[in-house]
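Have a look at the structure below, then the notes.
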Amino acid sequence: MNSRKIAERYLVQPIAEWLRRPRARLQPLIARTGRPNIDLGRVAKETEQVATVAEPIVIHDASHWATVVEQLPPDVDAILPVSVPAYPTEWWNSHPWPLLRRRLPVIFWPILDHDEPDFWRWSATDMLSALGVEVYLAPSRQGADRLCRALAMRRFLKSSALVVFGEQNFPWNAHAAGPLVQRHLGTQIRVRPIQDIRERAAQVDERAVDELWAMRHRRYQLAGVRPEELRTALRATIAIRNILHEERALGFGVNCFGDLIISGARDVPCLAQTLLREEGFIASCDGDFLAMLSMVLTSVYLDLPCMMSNMYPVSYQGALRDHFGGHPLSPSRKYPRLRWRRMARLGHCGFVGVVSPEMTPEGRVELRDWGGTYEIPRDGRGCGNAGRLIAGQRFTGVELKFDGATLVVAGGRVLETTEHRGMPYCERTALLEFDDLEKFVANISREHVVLSYGDHRDSFRILARVLRLRLVEC
């Protein structure tokens, strides 16, 4: 699989408007009549995928400056100050107070010809920042791109909603902790019973099931899933999709282990997750809305595929032996024990986790019966995701904490996808090596980690600053 395919989020069609990150709206303000120091036409062209550059406004005097800044429309995400060379100062230096009153971000654009920060703006950046203005000195064109994306994400999150299905009996309790997320990021967490999915699924026309599979089956390989269980999974997909459209929601999660599985049911939404990701939705296991938001901060911000799963540090041999029925899942002998402190496994429901096909070596996912756990034996029912991760890929791991205000980000490398022979409840896991697993474990709040390929820590630094998140890098 080529790197371009790895880097892109796979979408089967243009996605619904409420699922798309908007383009940031930039308002250039030119200090005086004359030749601007920035080619605004070039800025507009280079940022057309992430931003809209409004018609520039030329400032005439201090009164005009104050009026323009304070009366900018509410859909403006940032002011783009533009100088006219040979003049000694600009209005943002001599009259910064309108910026304080309007409270809009200010971006000093990089020098386009050299792709360098405009170091002549160091002092203005620091002065405005010291006064309390939200100001950014873009380090490069890529940095400016990430700033535009991050500013658009701030607006996007405030108008978004996620749906979680099932009882709220895990620590990621939407009734208890959901308001913390909404308070900080603005995203609503809505709760609905699993029965809502089942009632809708029972009404799905069988022709719709056939049509969905006919259109989408090429990225999936039947590898042991029963035909009737596949159809159940497809009906659940259509039912969940209908609910998400009704709610105009960005994504969903189902509390499988706290509600669906323990009742004896096996109509798990693993296939629904990957099929609906292909339509632009976000989907995560266990109804963990914090993992869902971590996926939003990856897929929607960076246009990247990502997945989530349980992370097990291999150094916890006793706990893993208990959890996996006497098997500690230790790395093979080719990995020296000194490296184990940096290694962890990803595993969920018998497999690596719900892996989207574009993240696999083959570009396809095997569908098998649901994997079960040591405590809940596998019984041949359900439709599970048996996808692999690509060995050798650098990855970025992300976890938003319960306060909705702390983002933990880690780097590492995928070592392998391991086959566990004779363990039907844990058939396949991924082995990862983190740059600093001990620090990551010391700062995360739960076992659910969101993973994307590539090293995106620079981008998350920008996003964390714009969203006012406390960033912990590992």
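Can you give me the number of residues within segment 105-117 that are surrounded by 20 or more Cβ atoms within 10 Å (Cβ to Cβ) and either among the basic types (Lys, Arg) or more than 21 Å from PRO74 (Cα to Cα) (or both)?
The qualifying residues number 2.
Could you list, in sequence order, the residues of segment 195-222 that are in a loop (DSSP other than H, G, I, E, B) and loosely packed, with under 13 Cβ neighbours inside 10 Å?
GLN203, ASP205
Can you tell me which residue within segment 34-62, out of those that are part of a helix (DSSP H, G or I) and open to solvent by 60 Å² or more (accessible area, probe 1.4 Å), is nearest to TRP91 (Cα to Cα)?
In this case the residue turns out to be ARG42.
Filtering segment 350-372 down to residues that are among the aliphatic types (A, V, I, L, M) and assigned to a loop (DSSP other than H, G, I, E, B), which residue is farthest from ARG216 (Cα to Cα)?
VAL352
Among the residues of segment 414-421, is there at least one that is buried (at least 18 other Cβ atoms within 10 Å of the Cβ) and closer than 21 Å to ALA291 by Cα?
Among the residues of segment 414-421, at least one is buried (at least 18 other Cβ atoms within 10 Å of the Cβ) and closer than 21 Å to ALA291 by Cα, which makes the answer yes.
So in segment 249-264, with the set limited to residues that are in contact with a Gly (Cβ under 9 Å, 6 or more places away or on another chain) and within 21 Å of GLY380 (Cβ to Cβ), which one is surrounded by the most Cβ atoms within 10 Å (Cβ to Cβ)?
It comes out as VAL254.
When residues of segment 420-474 are filtered for being on the phi < 0 side of the Ramachandran plot, in a loop (DSSP other than H, G, I, E, B) and not basic (Lys, Arg), how many remain?
Counting residues in segment 420-474 that are on the phi < 0 side of the Ramachandran plot, in a loop (DSSP other than H, G, I, E, B) and not basic (Lys, Arg) gives 16.
ALA7 - would you say it is surrounded by 14 or more Cβ atoms within 10 Å (Cβ to Cβ), at pLDDT below 90 and small (Gly, Ala, Ser)?
Yes; evaluated as a whole, the condition is true for this residue.
Among the residues of segment 432-444, are any farther than 21 Å from TYR335 by Cβ, aromatic (Phe, Trp, Tyr) and either within 14 Å of the chain's Cα centre (by Cα) or buried (at least 17 other Cβ atoms within 10 Å of the Cβ) (or both)?
No, segment 432-444 contains no residue that is farther than 21 Å from TYR335 by Cβ, aromatic (Phe, Trp, Tyr) and either within 14 Å of the chain's Cα centre (by Cα) or buried (at least 17 other Cβ atoms within 10 Å of the Cβ) (or both).
Going through GLU375, GLU416 one at a time, which residue ends up being in a loop (DSSP other than H, G, I, E, B) and not aliphatic (A, V, I, L, M)?
One residue alone meets the criteria, GLU375.
Under the condition of being farther than 20 Å from PHE281 by Cα and either touching a Phe, Trp or Tyr at 6+ places or on another chain (Cβ under 9 Å) or not in a helix (DSSP H, G or I) (or both), which residue from segment 177-194 is most open to solvent (accessible area, probe 1.4 Å)?
LEU180
Which one is nearest to the chain's Cα centre (by Cα), of the residues in segment 126-156 that are small (Gly, Ala, Ser) and open to solvent by less than 10 Å² (accessible area, probe 1.4 Å)?
Among those residues, the one meeting the criterion is ALA150.
Whether any residue in segment 13-33 is at pLDDT below 95, open to solvent by 40 Å² or more (accessible area, probe 1.4 Å) and charged (D, E, K, R) is what I want to check.
yes
Pairs only if they're at least six apart or on different chains, beta carbon under 6 angstrom, first in segment 328-348 and touching a residue at least 40 places away in the same chain (Cβ under 8 Å), second open to solvent by 70 Å² or more (accessible area, probe 1.4 Å) and among the aliphatic types (A, V, I, L, M); list them, first residue then second.
Listed by first residue and then by second, the contacts come to nothing, as the list is empty.
Of all residues in segment 63-92 being hydrophobic (A, V, I, L, M, F, W, C) and in contact with a helix residue (DSSP H, G or I) (Cβ under 6 Å, 6 or more places away or on another chain), which is surrounded by the most Cβ atoms within 10 Å (Cβ to Cβ)?
Checked segment 63-92; the qualifying residue surrounded by the most Cβ atoms within 10 Å (Cβ to Cβ) is VAL69.
Pairs, please: C-beta under 6 Å, at least 6 apart or cross-chain, first residue within 14 Å of PHE434 (Cβ to Cβ) and open to solvent by less than 10 Å² (accessible area, probe 1.4 Å) and in segment 383-407, second among the basic types (Lys, Arg) and modelled with pLDDT under 95?
Qualifying pairs under 6 Å: none.
Here's a check for you: in segment 223-248, which residue that is surrounded by fewer than 23 Cβ atoms within 10 Å (Cβ to Cβ) and not in a helix (DSSP H, G or I) is modelled with the lowest pLDDT?
GLY224
Would you point out the residue of segment 47-83, among those that are over 19 Å from THR33 (Cβ atoms) and among the acidic types (Asp, Glu), that is modelled with the lowest pLDDT?
The qualifying residue modelled with the lowest pLDDT is ASP75.
I need a count of the residues in segment 316-349 that are in contact with a Pro (Cβ under 7 Å, 6 or more places away or on another chain) and either of a type outside the set (Lys, Arg) or in a strand (DSSP E or B) (or both).
The qualifying residues number 5.
The values are calculated or read from the model by the stated rules, or taken from the named source; none is laboratory data. Note that the coordinates shown come from a computational prediction; the quantities given were computed from them, not determined experimentally. Every residue, glycine as well, gets a Cβ built from its backbone with ideal geometry; the counts of neighbours run over all protein chains shown. Note: areas computed on protein heavy atoms with side chains; ligands, DNA, RNA excluded. Shrake-Rupley method; radii C 1.70, N 1.55, O 1.52, S 1.80 Å.
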